[in-house]
1. Criterion first (modelled with pLDDT under 90, out of contact with any Gly (no Cβ under 6 Å at 6 or more places or on another chain) and open to solvent by less than 30 Å² (accessible area, probe 1.4 Å)) does Gly165 satisfy it?
2. Please verify whether Ala193 is within 25 Å of Pro89 (Cα to Cα), surrounded by fewer than 24 Cβ atoms within 10 Å (Cβ to Cβ), of a type outside the set (Asp, Glu) and in contact (Cβ under 8 Å) with a residue 40 or more places away in the chain, treating the condition exactly as stated.
3. Could you list, in sequence order, the residues of segment 144-162 that are assigned to a helix (DSSP H, G or I), among the acidic types (Asp, Glu) and open to solvent by 20 Å² or more (accessible area, probe 1.4 Å)?
4. Applying the selection to segment 20-69, what residues are more than 26 Å from the chain's Cα centre (by Cα) and not in a loop (DSSP other than H, G, I, E, B)?
5. Taking segment 442-469, which residues are of a type in the set (Gly, Ala, Ser) and open to solvent by 20 Å² or more (accessible area, probe 1.4 Å)?
6. Within segment 226-244, track down each residue that is farther than 18 Å from Gly202 by Cβ and part of a helix (DSSP H, G or I).
7. May I ask you to list the residues in segment 326-340 that are touching a Leu at 6+ places or on another chain (Cβ under 7 Å) and either open to solvent by 10 Å² or more (accessible area, probe 1.4 Å) or assigned to a strand (DSSP E or B) (or both)?
8. Within the group Ser369, Ser376, which residue is out of contact with any Gly (no Cβ under 9 Å at 6 or more places or on another chain), open to solvent by less than 10 Å² (accessible area, probe 1.4 Å) and at pLDDT below 95?
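The values are calculated or read from the model by the stated rules, or taken from the named source; none is laboratory data. This one's a predicted model, so the numbers in the text were calculated from it and none came from an experiment. With ideal geometry, Cβ positions are generated from the backbone for all residues, glycine too; neighbour counts draw on all protein chains shown. These accessible areas exclude ligands, DNA and RNA; they are computed on the full protein's heavy atoms, side chains included. Shrake-Rupley method; radii C 1.70, N 1.55, O 1.52, S 1.80 Å.
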Amino acid sequence: MGNFVGIDLGTTYSAVAQVDANGRPVIVPNRDGKNVTPSVVSFVDEGNVHVGATAKRSLEVDDTTFGRFKRAMGSASKTYTAHGKEHSPTALSGLVLKKLREDAEATIGPLDGAVVTIPANFANEAREATMEAAKLAGLNIKFIVNEPTAAALYYAHRSDQELKGTYAVYDLGGGTFDVSIIRMAGQDVELLATDGVAELGGDDFDEAIRDLVATKYQQATGGKLDMGDFTKNAAEEEKLSLSSRRECKVRVVSDSGKALITITRDEFEEAISSLIEQTKMLCENALEEARVEPGDVQGVFLAGGCTRIPSVVRAVKGVFQQDPIGTANVDEVVALGASLYAAYKADHGDLNPMQQQSVNKIRIAEITSNCFGTISQSQGGTTGEVKLHNTVLIQKGVKIPHSVTENFFTVYDGQDAVDCEVTQSKAPETDPKFVKTIWKGELALPEGRPKGQKIAISFSYDENGMMHCSFLDVASGQNTEVDLHPTTASESDDLGIEAFLVE
């Protein structure tokens, strides 16, 4: 029997799960016996690195300890410096994943394969960065899976009856928010629409509590609170307590003196109300995109630790007009669902009969979470004015895997090169000012040819939600290809565009 695991690489906490010998998805505890591991890395010195709970204790206490770097995944410019050495979000995530792998192997033995989860709203470069981090950690990884899809798989598995119809997944974790509208028939999961934001979650709620404490401290003492005396770790503890208690008392000692501060749940929920409203708007957007009315939704599944907050539960109920479906382990459901996906993607010959029975009925139909296109030139009808135009090749919401080829043409005699560009946007924008360029390159052409030479551009979006792009000069066979990666993305918008005339 092979060891295949699902890993929830979280902003604040991460977890590992597997489908056990009885076909049940179960958490694989770390070497401290805990179900979740803080996603924190501390560089004690150049040769000594701590990851997890030990590192978390020094978060914000020293400047060589880093957390919440998942929010910067895929960024080519964000780095974290410790002892004179820079570390990318990918490298730090790789260290967390290495810790998770080593802890899991200490419990269940060597891993034969792994699936890592990502937010559904992750852009292409963040998906690539996650795959790279897994490889740096020594994981045998071929697939990633969207977090809401993983959560839906777990809820389908644990249900005592077959789920059939339209459902929603509301996933509010430590750093990101996702909502997905899905169609289910047992363990068949078809994604209809998804929306979310990469920087909205428990980390922001912790900051809201810190701001409340700082304000009340100043009112009580007349002085400014040194935030090192009330860290995000401390704020997180108070946030957790306010999910079950009406108020919490915070004893603070800072340069201006001591103060015993009371924070009520009502004050906390008022402080985060605009963020919760944002999640409600995104839920409404997803429903509209899926062309589904709230009354058509059979159930709403909760994922992520922040869904324990009472005002979050009320918000979900307000949008979907029903009580959401939760579980005691909402911060583990993504990892548990990912373990089912890992077994589903494994060679079924490596699974025992009970494991095979758990995953034989799984079918996944994911969709694209962004539009992808290229910059071309279009010519006005009567004026003849030439303008830059973003041509969308792959629309948001298309089922994946998906491939498309469109033909473009060179624009002047003797053209010996074209600048190739790949764009990304949440909506099908035509104006280049409203899209993000995720890659630029060049295709060399033979000299001395007339204009109007055909350039075939092909985009392929694979089941991991990543892009392969090809720019082919049809006559000569010369080709420029790219598998998009965060290190290939250009941060500059200053390159000239020697583009194509749209057919």
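1. Against the criterion (modelled with pLDDT under 90, out of contact with any Gly (no Cβ under 6 Å at 6 or more places or on another chain) and open to solvent by less than 30 Å² (accessible area, probe 1.4 Å)), Gly165 does not qualify.
2. No, not satisfied.
3. From segment 144-162, those assigned to a helix (DSSP H, G or I) are 147-158; that's our starting set.
Right, trim to among the acidic types (Asp, Glu) and you get 147.
Listed by number, the list is empty, since nothing qualifies.
4. Val44, Asp45, Asn48, Asp62
5. The initial filter retains those residues of segment 442-469 that are of a type in the set (Gly, Ala, Ser), namely 444, 448, 452, 456, 458, 460, 465.
Hits for segment 442-469 are Ala444, Gly448, Gly452, Ser458, Ser460.
6. First, the residues of segment 226-244 that are farther than 18 Å from Gly202 by Cβ: 226, 228-229.
The answer is Gly228, Asp229.
7. Pass one, segment 326-340, residues touching a Leu at 6+ places or on another chain (Cβ under 7 Å): 326, 330, 337, 340.
Residue satisfying the conditions is Gly326 alone.
8. Values: Ser369 fails: out of contact with any Gly (no Cβ under 9 Å at 6 or more places or on another chain).
Among Ser369, Ser376, only Ser376 is out of contact with any Gly (no Cβ under 9 Å at 6 or more places or on another chain), open to solvent by less than 10 Å² (accessible area, probe 1.4 Å) and at pLDDT below 95.
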